[in-house]
Amino acid sequence: MRLFLMALALLFFTIADAQQEMPPANGPLKEALQALHAMPGDWEGDGWMFTPQRERVTFRQTERIRYKLDSTVLLIEGKGTSEGKTVHDALAVLSYEPEARHYWMRSYLANGRTGQYKAQFNADGMLEWEIPVPGRKILYIIDLHEEGEWHEEGFMLLEDGQRFQFFEMHLQRQ
C-alpha cells in the first residue's frame, strides 16, 4: 500500500510539473485578439444605409463589444434604430484560427440570416470582411482610432468591377 501511495504521489507531481511547463493552449488566440484591443467597450453614433428598395435611411447605432471565453473571442452586439424602429439587430462572434492564420466573423441577424466570413487586416490596418452573394460581394471595412472613434463603411463589389457604397457609420466610445 505504501508503494502504491508513493507511486501515486510521484505521478501527481510529474503531471503537475508537466502542466506548469506547458504554455496555455489559448495563448495564440489571446495574442491575436489583442490586435483588436480598441474594439471592446460601448459605442454609439449615427449612420446611413441604402435599403434593398434603394431608399436611404439614417439610423442611430449602438455596439456593445466584450471579450469572452478568457479573452479568446469578441462578442459584438449591434442595434440600429430609425424613427423608433429597429433597422439593424445583430450579434457576431469574432475569433482567430491560428492554423489558418486568419480571423473569423460569425454573424447572426434578427431576420434569421447567419454566416461565417473570413476577416483580416488590410494594408492600411483596417479590419475588413467580405460576404459573398450571387453576382456580387459585400465588403465591410472598420477603421478604429485609439482616441475612441469607429468609422465603418460597406460597399457592393459587382462582378464587372464596379463598386458603390451603401453603408456608413461613425461611432464614439461611451
**OP:** For the range 43-83, restrict the atom set to alpha-carbon positions and state the Rg and Dmax in Å.
**Re:** 13.8, 42
**OP:** Using a 10 angstrom cutoff on alpha carbons, build the Gaussian network for the chain and name the most mobile of Ile131, Ile76, Ile141.
**Re:** Ile131
Original post:
To the nearest 10 degrees, how steep is helix 2-21 against the longest Cα principal axis of the chain, on a 0 to 90 scale?
Top reply: 30 degrees
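So for the range 55-128, averaging the separation of alpha carbon pairs under 8 Å that are six or more residues apart and normalising by length, what relative contact order in percent results?
Numbers: 133 pairs, mean separation 13.7, N = 74.
Answer for the range 55-128 is 19 percent.
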Original post:
Build a GNM of the chain with springs between Cα atoms under 10 Å: which of Phe164, Phe121, Phe155 gets the top mean-square fluctuation?
Top reply: Phe164
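Across the range 27-173, how large is the tail of the calculated P(r) beyond 24 Å, expressed as a percent of all Cα pairs?
31 percent
So what is the calculated 222 nm ellipticity per residue for the chain, using -39500 (n - 2.57) for each DSSP H run with n of 4 or more, over all residues, to the nearest 500 deg cm²/dmol? Walk me through the numbers before you get to the answer.
Values: 2 runs with 27 residues, N = 174.
After summing the helix terms and dividing by residue count, I get -5000 deg cm²/dmol.
Here, each number is a calculation from the coordinates, and none is a lab measurement. Keep in mind that what you see is a predicted model, and the values were worked out from it rather than measured.
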